[in-house]
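A quick write-up on the structure given underneath.
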Amino acid sequence: MVFLTEEGAFSSSSAHRWDYDVFLSFRGEDTRNNFTSHLYKALCDQGFNTFIDDDLPRGEEISMKLVKAIESSMISIVIFSKTFASSTWCLNELVKIFECRRSNGQLVFLIFYKVSPSEIRKQDGEFGIALAGHEEKFKDDIEKVQRWRTTLTEAANLSGFPYNDR
């Protein structure tokens, strides 16, 4: 059971010590300066200790600091947007989030920002184009791309919150 207090959220059924109430996963160029920044502020204003990657160095693989932040968050909110799948960073975060969902019961909430779950599930449109590009780029590590595809399908099969500027 999850309880919300003025200090944030905590779970009574777990001995796990969370460093963060919420971890935000998003494609920066799509949502950082609009939707995600407003969501981050609203969560913080409500007392949720929220992790957002404002100053982490970029690269192909996510940093150990980011892995630790994901592992030590009680809730992850994934904001899917049109170019989410073009970022290997976002895809690697998503895989880690879903590993934590399975291994330590992390709660995962999905927001579909101007993108439909079926586009993600079917991996067509922008998602299909991005994944085809990743298959070409990572042809020597096709298992990596398959993990991304499987995790995207798993995510898109969950309930989420659509956001279409309406």
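Of the residues making up the stretch 44-79, those that are surrounded by fewer than 17 Cβ atoms within 10 Å (Cβ to Cβ), modelled with pLDDT of 95 or more and assigned to a loop (DSSP other than H, G, I, E, B) are 46, 47, 49.
Within the stretch 136-154, can you find the residues that are under 11 Å from residue 98 (Cβ atoms) and among the polar types (S, T, N, Q)?
Residues of the stretch 136-154 that are under 11 Å from residue 98 (Cβ atoms), as a first pass: 147-148, 150-154.
Within the stretch 136-154, 150, 151, 153 meet the criteria.
Looking across the stretch 98-129, the residues that are touching a strand residue (DSSP E or B) at 6+ places or on another chain (Cβ under 6 Å), surrounded by fewer than 23 Cβ atoms within 10 Å (Cβ to Cβ) and of a type in the set (A, V, I, L, M) come down to 107, 108, 110, 111. Of all the criteria given as (1) surrounded by 17 or more Cβ atoms within 10 Å (Cβ to Cβ); (2) at pLDDT 95 or above; (3) farther than 16 Å from residue 28 by Cβ; (4) within 17 Å of the chain's Cα centre (by Cα), the one not satisfied by residue 91 is (3). Number of residues in the stretch 130-166 that are within 14 Å of the chain's Cα centre (by Cα), surrounded by fewer than 17 Cβ atoms within 10 Å (Cβ to Cβ) and assigned to a helix (DSSP H, G or I): the value is 2. Here is the figure for the stretch 89-129: residues that are in a loop (DSSP other than H, G, I, E, B) and free of Cβ contacts under 8 Å to residues at least 40 places away in the same chain total 4.
Which of the residues belonging to the stretch 1-34 are among the hydrophobic types (A, V, I, L, M, F, W, C) and either over 18 Å from the mean Cα position of the chain (by Cα) or modelled with pLDDT of 95 or more (or both)?
Answer for the stretch 1-34, where residues must be among the hydrophobic types (A, V, I, L, M, F, W, C) and either over 18 Å from the mean Cα position of the chain (by Cα) or modelled with pLDDT of 95 or more (or both): 1, 2, 3, 4, 9, 10, 15, 22, 23, 24, 26.
The values are calculated or read from the model by the stated rules, or taken from the named source; none is laboratory data. Since the model is a prediction, treat every value here as computed from it, not as a measurement. Quick reminder, even Gly has a Cβ in these numbers, built from the backbone with ideal geometry, and neighbours come from all protein chains shown.
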